[in-house]
C-alpha cells in the first residue's frame, strides 16, 4: 500500500503534462501512487498518460467524460490507497523534495495537515532552479487551527495543491460538483474545521504555472457569479449547526457577504452600463433571498461596503454605478 496518493486531474494539457509527471517521478521520496484522472481530454493528454503508465507502475489512469475537476478529484479520492493525499494540477510542477519534506514534517509533528509555500512560473518556463533542503526542516506548528485560519492568522490559503493531508481527516469531505470556481475554498475550509493541529513549512516546494486563459484568470461571467454565490451558500449551510465561537461565526459571515457583494459589483467593470443594470436586476432577488436566510449579512462588512450593499438591496443601481467605476456620462 503506497504511503502517499497524488491526485492529478487532466484535461487538455498535453503541452505541460510531461513536465508535471516528470516532477512527480523525480521525487526524492518514492513511496507513492499517482492517480491521473483524464477528464475527457480531446488533445494528446491520454496518449501521454498511457506512455508514462507503461514506464512506471505507480501511475494509475482513471477516465471519465468531461465532468470537471471536482468530479475527477472525488473519483480519485474514492479509490486512493495512500495514508496521505496530495493534489497536483496537471500544468504545475513539484520541487523534487515536495513529498520528502512534507511527509517528514507530518510524521515528526504527528499532524494531519502540512502545507508549504509556492512559486509562480511563466507559461513556457522550463529552467527551474531548485534548492536542496536538508534537515532540520523549518516548520511552524499550529493549534486552534480553524479559528486561526478563519481569522487569517496562518498562511495556509484556500488552494488544495500546496498541502499534504492525512487520509482520515478527509473522510466524508468531497469537492462540490457543478461549480467551476471556489471549489478548492469549500474543500479547504471543511478540512481546516476538522484539524486540531497543522504544520507550515516556509519553503516554496511547488511551482504554479501562470497560463493565459486559465479559469482563474479569465473574465468574470454570470456562471462565475452564480458559482461564487452558490459556494457561499454551501459554506453557510455547512456551518449552520456547527459549534463555533461567536467571533468566528461573524467572520465567516463577513467573508461570505463580502464575496457575494464584490462578485456582483465586479460585473460593472466588465460590462457596459445597460448589461450591468440587467445583471444587477437578476442578482438583486438572489441577494435578498440570501439575506433572508441569514447568509448575506451586510452589518458584518465595512461601512463603505454596507453603503454599497444598501444601494444594491434597494435597487439604487444608477447611484451604485459611481461606486463601481461607472458614471452616467
inquiry  = Just to be sure before I move on: is residue 149 out of contact with any helix residue (DSSP H, G or I) (no Cβ under 7 Å at 6 or more places or on another chain), within 25 Å of residue 229 (Cα to Cα) and crowded, with 21+ Cβ neighbours inside 10 Å in the structure I sent?
reply    = no
task = Mind listing just one residue for me: the one in segment 277-293 that is farther than 13 Å from residue 265 by Cα and touching a residue at least 12 places away in the same chain (Cβ under 8 Å) and, of those, surrounded by the most Cβ atoms within 10 Å (Cβ to Cβ)?
result = 290
query = Where in segment 50-146 are there strands (runs of 3 or more DSSP E), lying fully within it, with 2 or more residues that are buried (at least 21 other Cβ atoms within 10 Å of the Cβ) and in the same structural domain as residue 199 (by TED's automatic domain parsing)?
reply = 84-87, 113-122
query = Checking residue 296 against (1) at pLDDT 95 or above; (2) farther than 28 Å from residue 173 by Cβ; (3) outside any helix (DSSP H, G or I), which test does it fail?
reply = (2)
Members of segment 172-216 that are over 27 Å from residue 16 (Cα atoms), out of contact with any helix residue (DSSP H, G or I) (no Cβ under 7 Å at 6 or more places or on another chain) and at pLDDT below 95 = 172
message = Regarding segment 219-226, can at least one residue be identified that is surrounded by 17 or more Cβ atoms within 10 Å (Cβ to Cβ), within 30 Å of residue 93 (Cβ to Cβ) and either modelled with pLDDT under 95 or in contact with a strand residue (DSSP E or B) (Cβ under 9 Å, 6 or more places away or on another chain) (or both)?
response = yes
note = Taking segment 27-49 and the residues there that are farther than 21 Å from residue 106 by Cβ and out of contact with any helix residue (DSSP H, G or I) (no Cβ under 6 Å at 6 or more places or on another chain), the one that is surrounded by the most Cβ atoms within 10 Å (Cβ to Cβ) would be 49
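Here is a yes/no grid of residues against (1) within 21 Å of residue 119 (Cα to Cα); (2) in a loop (DSSP other than H, G, I, E, B):
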residue: 161; (1), (2): yes, yes
residue: 164; (1), (2): yes, no
residue: 178; (1), (2): no, yes
residue: 187; (1), (2): no, no
residue: 200; (1), (2): yes, no
residue: 205; (1), (2): yes, no
query = Which ones in segment 1-22 are over 14 Å from residue 75 (Cβ atoms) and assigned to a strand (DSSP E or B)?
reply = 4, 6
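The values are calculated or read from the model by the stated rules, or taken from the named source; none is laboratory data. On a predicted model such as this, the values are computed, not experimentally measured, just so you know. Neighbour counts are summed over all protein chains in view; Cβ atoms, including those assigned to glycine, are modelled from backbone coordinates with ideal geometry.
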